[in-house]
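Comments concern the structure below.
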Amino acid sequence: MMSFKREKLNPIDLISQFWPNADHSHLTYDSSLKMRGGQFDIIRYCGGDGTLAFTIDMLQDVLVNPMNMASHCKSDNVDFDKIKKINYTIGPVYHSTVYGSIELKCGGKYTGQRERARMPVICNYIYK
């Protein structure tokens, strides 16, 4: 039997938990930003036996590129040699989990969970 769980997570709260001393002043949280409502969405997946380490790793992977100013919209014409900083507006992390029998990459079906995290992003490029 499959079950499903969905939640919206505040990315600033997650950043404060994962990296308590990190500077995230270049990130602005907009709770009204919907999936596919920004310039692009950062999407990550994981699956396994329910070990929390997989979930934490996936959530950190969603946040790390904006934290390091390493994300940009592919359709934007960006001159990286002249960029001083990138400010981001980020929406909630939309986290969904499906519990039940899952197919693992190594083969076979096992009881576990599949997860997806998705965060909308808008970039504001600050040039020198």
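Throughout, read-outs are computed from the coordinates displayed, never taken from laboratory work. Computed from a predicted model, the values in this text were never measured in an experiment. Neighbour counts are summed over all protein chains in view; Cβ atoms, including those assigned to glycine, are modelled from backbone coordinates with ideal geometry.
At a glance:
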{"item": "All positions within region 1-30 that are surrounded by 10 or more Cβ atoms within 10 Å (Cβ to Cβ), in a loop (DSSP other than H, G, I, E, B) and among the polar types (S, T, N, Q)", "result": "10"}
{"item": "Leading residue by the ranking (nearest to the chain's Cα centre (by Cα)) among those in region 28-62 that are aromatic (Phe, Trp, Tyr) and within 18 Å of residue 98 (Cβ to Cβ)", "result": "45"}
{"item": "Residue count, region 41-58 (criterion: under 14 Å from residue 90 (Cα atoms) and touching a helix residue (DSSP H, G or I) at 6+ places or on another chain (Cβ under 6 Å))", "result": "1"}
{"item": "Residue that is among the hydrophobic types (A, V, I, L, M, F, W, C) and under 18 Å from residue 119 (Cβ atoms), where the choices are 69, 2", "result": "69"}
